[in-house]
1. Filter the GluC sites (Glu not before Pro) in segment 4-75 down to the DSSP loop ones having no more than 15 other Cβ atoms within 10 Å, then list what survives.
2. Non-local amide H neighbours of Ala46 (under 5 Å, H modeled in plane, Pro and chain starts lacking H): which ones?
3. Roughly how many debye, to the nearest 20, is the charge dipole of segment 1-153 about its Cα centre, given +1 on each Lys and Arg Cβ, -1 on each Asp and Glu Cβ, and no other charges?
4. List, in order, the whole-Hz ³J(HN,Hα) value for each residue of segment 239-244 obtained from phi through the Karplus relation with A = 6.51, B = -1.76, C = 1.60 and θ = phi - 60°; use x for Gly and Pro.
5. If amide H atoms are built 1.01 Å from N in the plane of the peptide, which residues on other chains or at least 5 residues away come under 5 Å of the amide H of Ser436?
6. Using the beta-carbon distance between Glu188 and His420 and R0 = 60 Å, what value does 1/(1 + (r/R0)^6) give for FRET efficiency, to the nearest 0.05?
7. Under 5 Å between amide hydrogens, which residues at least 5 positions from Val19 or on another chain qualify, with H placed 1.01 Å from N in the peptide plane?
8. In whole Hz and in residue order, list the ³J(HN,Hα) couplings for segment 7-14 that follow from phi through the Karplus curve 6.51 cos²θ - 1.76 cosθ + 1.60, θ = phi - 60°; x for Gly and Pro.
Amino acid sequence: MQQEPAVKKTLYWCNTCNVPLIGRTCGCGATGESIPLNKPYDLRPALTADQELITRLLHERFGPVPVPGVILLNKTGGLDRYEMAIANGGRFGWLSFNPVTRRHELMLLPEALPFIVPYAKKGIIEIPPGTGDDEDGKSRRIGGKKVDVSTSEPDGPVIVRYGNRYGTGVLSEGSVRVRELVRVDPKEVANSDWGEVIRRNYDRLKDLERSAVRSIKQEMKNFDHVNASFSGGKDSTVALALARKAGVEEAYFVDTHLEFPETYDFINSQQVQVTLDGGDFWPGVEKIGPPGKDNRWCCKIVKMAPVRRWMDTIGPVLTVQGNRWYESFNRAELDLLSNNPANPNQTNCSPIRSWRAFEVFLYLKWRNIPYNPLYDMGIERIGCWLCPAMLEAEYEILREKHPELSDRWDAFLEKWANDHGLPKEYVRCGMWRWKSPPPKMRELAKEMGIPIPRSPDVEHLPQRREQRDESRTERRERRTLTGQIGRIKPSSEERTPLKTWSSKVRSTSNNDSKKAAGHREKKERR
Ligand code: SF4
Ligand SMILES: [Zn+2]
């Protein structure tokens, strides 16, 4: 049996073409330089909203500096959005969202300085010569130290200059904490764009497609009934496209009635044959309380149960789906075929399990396959609009784009918090998203004076395990955030009354259910 490739922990970059590579060799023939990635090693292209956000943060701070045309984002654990931006062949900066101040921040890394310093019109803080010298005039390192400065620059990430060296730092109330200082030599790189990235990765994209289609075709032979599961997210969009190439004719979608309006529009454009009714989430939530990242009771009710009921009526099925190793640690050992313990009739086939989000988006762009517009609006994980697995950075987008939805959920959460003696901030900082909040969030809550309800899960969690689960990055970020806690302002604005949201999808979904029933009847007759 052929050995599965190991999880890739680095990204290769062709410095000649200035493009990221799927493999190690570029289409130009050069070998890429490796860039280490952070766990769980997934990375994705910066899409429209990400690119606009990075441009805004750079320009607000440093003036009209050039912004790389190809940026990749490597997500890692943090209090909320926390991604390493990679560009121009190296680590560029940390992009994060602060759930307390509700603001994004871009902390440059030293590798980015040669591309920013020569063009920066502001945001550079001079450290006076001799700073850090000891009494004998002996020079000491100031990297890692906090230095008092006189500047009119606003607080936040800055560039510092000390003699002929530059570094990054965070300015806060008249002092700057200096990170590493380095010499900055001007660097030239080729201009690149996503078209160039696709051209230079063409052979690898073809290989990925060929191998995925071949494996679906191979497994299809063993089943009478084959379909593709489609959720409207990027992974299932690719899985559906590959399944159709392999000859799969049926796709199904489970309507939780909690999808974003954009997702419904997208799904309606994709000729999905079967829509399963996920039932009503709201009576459950009134009784059980909000779902949590560690308590996804709703998935069982509104997603898994309808599929099981349907498959009980049709017998053994092979389902092509878009699960990937890099999505989470739970999926890191997924095989091509896996049984679904919740649904004995369903065998899952995961042809893109070894793809990263980078390959997924590159494939979609290469094949001109339309994808859910929410990605270009800044939503990274597509599912129910109130899902606890979403980041606060994503809720912020929901609040802006669909206040009628977020108002309904905020009103529910605030009432639920009130009934449980919890303050509004418990909801506004996203603490409700855990039944048993992890140490990083518990610490934040403690600093903010937010009580966390006792839960059996919390009581039984060994202390050492809790401490081990917090990464260095998370600890560093939490320390920064807890320094800002005093500035949080409980929201006092009046919420607009709940508007009833109805979408054409309801009638469409009924039509689709009828279509599904017709489809089943036809199959049975055959
Ligand atoms: S996607 Fe999130 S909100 Fe929707 S059913 Fe699953 S856990 Fe619940
Ligand atoms: Zn190249």
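1. none
2. Amide H neighbours of Ala46: Ile71, Leu72, Leu73.
3. That gives a dipole near 340 debye.
4. With the stated coefficients, segment 239-244 comes to 4, 5, 4, 5, 4, 5 Hz.
5. Counting only residues 5 or more places away or on other chains, the set is Asp294.
6. Details: r = 59 Å, r/R0 = 0.98.
The calculated FRET efficiency here is 0.55.
7. Cys14
8. Rounded to whole hertz, the list is 4, 7, 9, 10, 10, 9, 9, 8.
Where a number appears in this text, it was derived from the coordinates with a stated rule and is not lab data. All values reported here derive from a predicted model rather than from experimental measurement. Heads up, the Cβs are rebuilt from the backbone with ideal geometry, glycines too, and the neighbour counts pull from every protein chain shown.
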